[in-house]
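Below is one structure, written out as structure tokens, with a few remarks after it.
The values are calculated or read from the model by the stated rules, or taken from the named source; none is laboratory data. Please read these numbers as outputs of a predicted model, since none were measured by experiment. With ideal geometry, Cβ positions are generated from the backbone for all residues, glycine too; neighbour counts draw on all protein chains shown.
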Amino acid sequence: MKKRYYITTAIISYLLFLIATIPARPVARLLNDDGMVLIQGVSGTLWNGRARMIDIDEIAQLDDTEWTISGWKMLMGKIAADVTTHYSDDKIRAGFGMSFPGRYFIDHLDAKISAEEVARLANIPLAQLSGMISIDIEHAQWKQGELPLATGKINWKDATVTVMDTASLGDITIILSESEEQLLNADIKNQGGDIKINGKAELVPDADYAVEIKLRPTASASNNIKQSLEVFAKRQNNGEYLLKNSGPLNQIGIL
């Protein structure tokens, strides 16, 4: 038993040594050859390195990215790295990794991004968004063919949406959690603005989603804003507008 322990320890130590000493630049060249990712200004090692610029499929650009691989997580069967980067001059910090067999995860994601940029990345048609979105994800995990899970909070400060008219939505808070069935839940509320928001979105068994959000125009809402609500929500007898939808996730590009 002792001999087997020493052999296993020696193998793991050697693998950690290899990762700690492999230059990051040759690995970056392999990723660049794929064409989806362009990495420039690479220095350091695969274990602890830096990239001046990472261009992801000419859609998003990350600047001044630094990473450090976690050695103790490798002993638990995980490949994980603490990453700090910048997107549109805003700092992003998180732990990224993969556990076996093929499950990806994010820990302690802290990021800020403008709503305009989110609309561009998500290719949201018709509506214009503004405000600043703060993302604080404690943990998220996903695997190809399985439903994702996440816990954390998303705040959209000074949110506005422009369709027929510009509607102020105040400060929107989305709380992400796991249900008793270990499925993703999102509670959505806001404070202030032209429309009062209260609702939820959730993943349900068999890879489906369900959304039910109540929208109530406030005294500051114009007639154009109320007409805009009727485009995608059903007016109720109490003056609220109900946005209710469900279906398979592959309809919205998930799974």
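Odds and ends about this structure:
- Top-ranked residue in segment 130-181 [being charged (D, E, K, R) and either modelled with pLDDT of 95 or more or assigned to a strand (DSSP E or B) (or both); ranked as farthest from Glu117 (Cα to Cα)]: Glu178
- Count of segment 200-214 residues which are touching a helix residue (DSSP H, G or I) at 6+ places or on another chain (Cβ under 6 Å) and assigned to a loop (DSSP other than H, G, I, E, B): 1
- Selected residue (criterion: farthest from Leu147 (Cα to Cα)) from residues of segment 87-110 that are of a type in the set (Phe, Trp, Tyr) and out of contact with any Leu (no Cβ under 8 Å at 6 or more places or on another chain): Phe96
- Annotation: Leu121 fulfils all but one of (1) in contact with a Gly (Cβ under 7 Å, 6 or more places away or on another chain); (2) at pLDDT below 95; (3) not polar (S, T, N, Q); the unmet one is (1).
- Note on segment 103-143: residues that are of a type outside the set (A, V, I, L, M, F, W, C) and in contact with a Lys or Arg (Cβ under 9 Å, 6 or more places away or on another chain) total 11.
Quick grid of which residues meet (1) among the small types (Gly, Ala, Ser); (2) in contact with a strand residue (DSSP E or B) (Cβ under 9 Å, 6 or more places away or on another chain):
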residue	(1), (2)
Trp142	no, yes
Gly152	yes, yes
Asn155	no, yes
Gly170	yes, yes
Asp206	no, yes
Gln227	no, no
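- Residue match in segment 89-106 (condition: among the hydrophobic types (A, V, I, L, M, F, W, C) and outside any strand (DSSP E or B)): yes
- Residue list for segment 89-117, filter: modelled with pLDDT of 90 or more, surrounded by fewer than 15 Cβ atoms within 10 Å (Cβ to Cβ) and either more than 19 Å from Ile154 (Cβ to Cβ) or within 14 Å of the chain's Cα centre (by Cα) (or both): Arg93, His108, Asp110
- Unique residue being in contact with a helix residue (DSSP H, G or I) (Cβ under 6 Å, 6 or more places away or on another chain) and either within 25 Å of Val204 (Cβ to Cβ) or in contact (Cβ under 8 Å) with a residue 12 or more places away in the chain (or both) when the list is Ser130, Ser99, Ser114: Ser130
- Scan of segment 108-129 for residues that are assigned to a helix (DSSP H, G or I) and within 22 Å of Ile225 (Cβ to Cβ), ordered by number: Ala115, Glu116, Val118, Ala119
- Taking the criterion of being modelled with pLDDT of 90 or more and either surrounded by fewer than 16 Cβ atoms within 10 Å (Cβ to Cβ) or touching a His at 6+ places or on another chain (Cβ under 9 Å) (or both), the residues of segment 201-213 that qualify are Ala210, Val211, Glu212.
- Close contacts from segment 133-156, counting a first residue that is free of Cβ contacts under 8 Å to residues at least 24 places away in the same chain and a second that is part of a loop (DSSP other than H, G, I, E, B), with Cβ to Cβ under 6 Å and a gap of 6+ residues or different chains, come to none at all.
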